[in-house]
Amino acid sequence: MRNPDLARDYVRRASVRLRALDVLFDGESWADVVRESQEIVELTLKALLRVSGIDPPRIHDVSEVVLAERERLPVEIHSDLEALAAISRQLRRDRELAFYGAEDLTPSGFYSRDDAEEARTGARKVVEAVRPHV
C-alpha cells in the first residue's frame, strides 16, 4: 500500500462519525442517520481495500470489489465479507434519496426510526469488523 496512513485516517474518521450518528439518532433525524451510515460504510470498506493494496474505485458502493478481491483481504475477515457487502449495497440504494429526497418524497417523512436503527447497526458492524485489520 502506498499510504497506510490514509487507510487509518479513513477508519478514524468513520469511528468519529459513528458517534455523530448517535446525535442524529437522538435528534430523530432518521434520513440523516441513513445517509451518514452510508458514508461511514463507504470510508471503512475503502480503508480495507487500501490496506490490502487495492486502489478503491471512486464509486459509493465498493461491495463488488470487496467480494471480487476476497483473496487479497485479511483471511480473518473473509467470513464477514458477504454481510459487509450486503450492508454497503443496501445503504448505497438509499444514499441520494436520504439526502435529497424526490419530487414525491421528503426524506424526513420517508425514513423511520427502524430504518435509522438498521443503518446505524450496519455501520457499526462494518467499522468493528474492519478496524482491527487497518
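Below is a table of values for the structure above.
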| item | result |
| --- | --- |
| Fewest-first sequence of LYS46, LYS125 by Cβ atoms within 10 Å of each Cβ | LYS125, LYS46 |
| Fewest-first sequence of LEU105, LEU49 by Cβ atoms within 10 Å of each Cβ | LEU105, LEU49 |
| Kyte-Doolittle mean at least 0.0 and Cα axial length at least 27 Å: DSSP H helices in the chain | 30-51 |
| Rg over Rh, two decimals, the chain (C-alpha only, Kirkwood Rh) | 0.99 |
| Shape call, segment 24-71: gyration tensor on alpha carbons, a/c limit 1.5 | prolate |
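A short reminder: the numbers here are calculations on the coordinates, not readings from a lab. Keep in mind it's a predicted model, so treat the numbers as computed, not measured. Cβ: placed from backbone, ideal geometry, glycine included. Neighbour counts: every protein chain shown.
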